[in-house]
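Presented below is the structure to which this report refers.
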Amino acid sequence: MIYFDNSATTRCSDGAMKIMQECLQENFGNPSSLHSMGAKGKDYLKEAREIISGVLKVQPKEIYFTSGGTESNNLAIKGGVEAKKRRGNHIITTKIEHASVLNPIKYLEKQGFEITYLGTDEYGVIDLEELKSALREDTIFVSIMMVNNEIGALQPVAEAGKLIKAFNKEIIFHVDAIQAFGKFKILPKKMDIDILTVSGHKIHGPKGSGFIYINEALYNIMVPQILGGGHERGMRSGTENVPAIAALGVAVKEAYDNLDSNRQHMYAMRHRLIEGLSAIDGVTINGHVDENSAPQIVSASIKGNRTRAQVILNALQDNYGVFVSAGSACSSNKPAISETLKSIGLEKDLLERTIRFSFCPENTMEEVEATIKAMEELVPLMVL
């Protein structure tokens, strides 16, 4: 098996699995309990919080644990917009955000908020001048993803943050870092990011784990979306998933202890796959082909009447044991035309003929070579 669908989910690391089992079967106390077993549970939360805050160079109390990226994005957007709604009615985002960002924003649009959707260039990157022009006196919230989940486009979030805060420091700047965390060094304080959202299962942590960074200055005004017993300083109620959180902490440490070597390895695999695919007649690479893009994602479109993404996906899996994705696996199993691919101006005929390869540090160059060979054999049959 060659698993090149790591932007959909990753294999849980051995270290993450080990601490999960420890929390599930040995130190399984509720962290809200006052006895010693509860104290042990609280220690796991404290350690994970300190690992994450240390990586981001923020305060531990600015990290809140959630069930994953979707919950984090909903809390960021709905909670942040509610906090500022008395000041204005205008929200800015991009056309290429993940559904867990776009759908909460569309919900707010139905509630009467005015939304500006920024476009992109042919590489999937926003224009900072368009962002600057979109800012208004009644703008209260801006949400821009750091790495696009379909083509790996890397957005200039630090420059965007500087621009937003120069216009009005009261505007909340949210960054979905779900595909960027573990691949790049991210420093919210230096990048003028108020809220940052991350999912654990994209970085070899377990599904059902995630966190949100919320600048301490927003603590008293952010509106929680899950109410209950006041867990996570009241920001996200519900008994903390200690096994998943502890495993998330381990996954974060592993990712950032090996950040540079992992990224270099993934870029090398990406460059070779792009080189091999580009040499095949009928194959087009979407987005930047150099290091202006994320290291783990390659988007390729294949011309031909028999090349719908699902057909290619199935052929790679059934005949070659290569697992890839048709766009974002997070959205649903239902086929849909990608807003990202439309935004970059991809030819209409290619919109449903695009697949995504995505790496993790565990992948090998040998797997890349085998995948290129598989595509060299498969594509000519599809293009007929």
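The values are calculated or read from the model by the stated rules, or taken from the named source; none is laboratory data. Since we're looking at a predicted model, the values are computed, not measured. Backbone-built Cβ (ideal geometry, glycine too); neighbour counts: all protein chains shown. Please note that ligands, DNA and RNA were not included when accessible areas were found on the heavy atoms of the full protein model with its side chains. Shrake-Rupley method; radii C 1.70, N 1.55, O 1.52, S 1.80 Å.
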Largest first and to the nearest Å, give the Cα extent of segment 1-137 along each principal axis.
55, 47, 29
Helix 242-257: inclination vs the chain longest Cα principal axis, degrees, rounded to 10, gives 60 degrees
Note on the chain, DSSP bridge orientation, antiparallel percent to nearest 5 equals 55 percent
Which listed pairs, of LYS61/LYS253; LYS40/LYS78; LYS106/LYS348; LYS165/LYS207, have C-alpha distances above 30 Å, in listed order:
LYS40/LYS78; LYS165/LYS207
Solvent exposure of the chain as accessible area per residue, Å², 1.4 Å probe
43 Å²
With label points built 7 Å along Cα→Cβ from the Cα atoms of ASP43 and GLN317, find their separation and express it in nm.
4.3 nm
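Taking 0.36 nm per intervening residue step and subtracting the Cα-Cα distance, what contour gain separates GLU137 from GLU377 on full extension?
80.8 nm
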What distance in nm lies between label points placed 7 Å from Cα along the C-beta direction at LYS18 and GLU362?
1.5 nm
About the Cα centre of the chain, how large is the charge dipole given +1 on each Lys and Arg Cβ and -1 on each Asp and Glu Cβ? Please answer in debye to the nearest 20.
1080 debye
Taking a ≥ b ≥ c as the square roots of the eigenvalues of the Cα gyration tensor of segment 82-139, is the shape rounded (a/c under 1.5), prolate (a/b larger than b/c) or oblate?
oblate
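Would you mind calculating the gained length between ILE226 and LYS342 on full extension (0.36 nm times residue separation, minus the Cα-Cα distance), in nm to one decimal?
So the extension gain works out to 38.3 nm.
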One quarter of the convex hull surface, Cα atoms only: what value does that give for segment 61-212 in nm²?
8.5 nm²
Segment 125-210 - Rg (one decimal) and Dmax (whole number), Cα, Å:
13.5, 42
What is the spread of the Cα atoms of segment 74-113 along each of their three principal axes, largest first, in whole Å?
27, 17, 15
Could you give the dipole magnitude of segment 79-132 about its Cα centre, charging the beta-carbon of Lys and Arg +1 and that of Asp and Glu -1, in debye to the nearest 20?
500 debye
Sorting check: for 131-138, 358-365, which peptide has the highest mean count of neighbouring beta carbons within 10 Å, and how do the rest follow?
358-365, 131-138
Looking at segment 20-120, which chymotrypsin sites (Phe, Trp or Tyr not before Pro) are in a loop (DSSP not H, G, I, E or B) and have at most 16 other Cβ atoms within 10 Å?
PHE28
For segment 74-108, listing trypsin sites (Lys or Arg not before Pro) in a DSSP loop whose Cβ sees at most 11 other Cβ atoms within 10 Å gives ARG86
Report the dimensions of segment 265-326 along its three principal axes from the alpha-carbon atoms, largest first, rounded to Å.
32, 22, 18
From Cα coordinates alone, what are the radius of gyration and Dmax values for the chain in angstrom?
21.1, 69
Please work out the ratio of the alpha-carbon Rg of segment 182-310 to 2.2 N^0.38 Å and round it to two decimals.
1.42
Go through MET266, GLN310, GLY119 and say which Cα lies farthest out towards the positive end of the charge dipole of the chain; charges sit on Cβ, +1 for Lys and Arg, -1 for Asp and Glu.
GLY119
